[in-house]
Amino acid sequence: MPNRTRRRFEGLREPLPALSIDLIWGYAGILCFGQAAFFGVGGYAYAVAAINLGDSTPAILAGILVPALFALLLGYFVFYARMSSIYVAVITLVVTLILYKFMGQTAKPSYMIGSAMLGGYNGMPAIPPLNLPGHPDVFAAPEDMLVITGLVALAVYIGLRLLLNARLGRIMVGMRENELRMELLGFDTRFYKLVAFVIAAAIAGLGGVMFANWNAFIDPHVFGLGFSAQPIIWVMM
């Protein structure tokens, strides 16, 4: 792919992680540096499933569900332990860096899931692209991913807008403004934090799916500090 086109497509990695951070931080009031972890887990889950199954439809579901389940497990221990926001930020950042170090050591042939080799820092090349359900021979070109990712980001934005206008969204905003008052009103804030955390992880995982598709490649650098910091900076700006 020409460098000019590749630079234009670099923006495909930002919208969905940014939307997930806007939900978890901007509305639920939870500063999380772990969206890169869910982004990368989603991308790797998609790549492994697509290589083994040869169809992107179940692979997309894997790229959403695996990071959501990972967030459910991590969030349970974090929020039900009633850790403060600073500890949540630190723990999620540490988890991201652990994944970065671990995935960099998976170049050995023993690190295979089915027929998919993780590849360590060499990455996973030749990831199958998005295809029509049931038709692996009809797939999206890299240039099409710009439009597809834009439409997906728009759909996610509309879905989040509807969610935030509903009861769950108002509870999230209430937790951000005064968590103790919400607890005194009878809301289990730990549960609602966990729900927001899982939804944000699923969105970030979907972003990883889109990224793995346009690039047809993924490596441990998706867990790096750059991937962690850039969406947070753009959301803050």
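Some notes on this structure:
- The residue that is nearest to Leu206 (Cα to Cα), counting only those in segment 73-88 that are aliphatic (A, V, I, L, M) and surrounded by 15 or more Cβ atoms within 10 Å (Cβ to Cβ), is Leu74.
- Pick from segment 22-37, criterion of a type outside the set (A, V, I, L, M, F, W, C) and outside any loop (DSSP other than H, G, I, E, B), ranking: least open to solvent (accessible area, probe 1.4 Å): Gln35
- Tabulated pairs, segment 42-53, first within 18 Å of Ile199 (Cα to Cα), second at pLDDT below 95 and aromatic (Phe, Trp, Tyr), C-beta under 7 angstrom, 6+ apart or interchain: Gly43/Phe211
- Residue check for Thr96: of a type in the set (S, T, N, Q), outside any strand (DSSP E or B) and touching a strand residue (DSSP E or B) at 6+ places or on another chain (Cβ under 9 Å): no
- Candidates are the residues of segment 90-129 that are of a type in the set (A, V, I, L, M) and more than 18 Å from Pro67 (Cβ to Cβ); the one that is surrounded by the fewest Cβ atoms within 10 Å (Cβ to Cβ) is Ala126.
Okay, residues lined up against (1) of a type in the set (Gly, Ala, Ser); (2) over 17 Å from Phe38 (Cβ atoms); (3) open to solvent by less than 60 Å² (accessible area, probe 1.4 Å):
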{"residue": "Ala141", "(1), (2), (3)": "yes, yes, yes"}
{"residue": "Leu151", "(1), (2), (3)": "no, yes, no"}
{"residue": "Leu154", "(1), (2), (3)": "no, yes, no"}
{"residue": "Gly169", "(1), (2), (3)": "yes, yes, yes"}
{"residue": "Glu177", "(1), (2), (3)": "no, yes, no"}
{"residue": "Leu206", "(1), (2), (3)": "no, no, yes"}
{"residue": "Val209", "(1), (2), (3)": "no, no, yes"}
{"residue": "Ala229", "(1), (2), (3)": "yes, no, yes"}
{"residue": "Val235", "(1), (2), (3)": "no, no, yes"}
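The values are calculated or read from the model by the stated rules, or taken from the named source; none is laboratory data. The structure presented is a predicted model; accordingly, all values stated were derived computationally and were not measured. FYI the Cβ positions are ideal-geometry reconstructions off the backbone, even for glycines, and counts take in every protein chain you see. The area values use the complete protein model at the heavy-atom level, side chains included, leaving out ligands, DNA and RNA. Shrake-Rupley method; radii C 1.70, N 1.55, O 1.52, S 1.80 Å.
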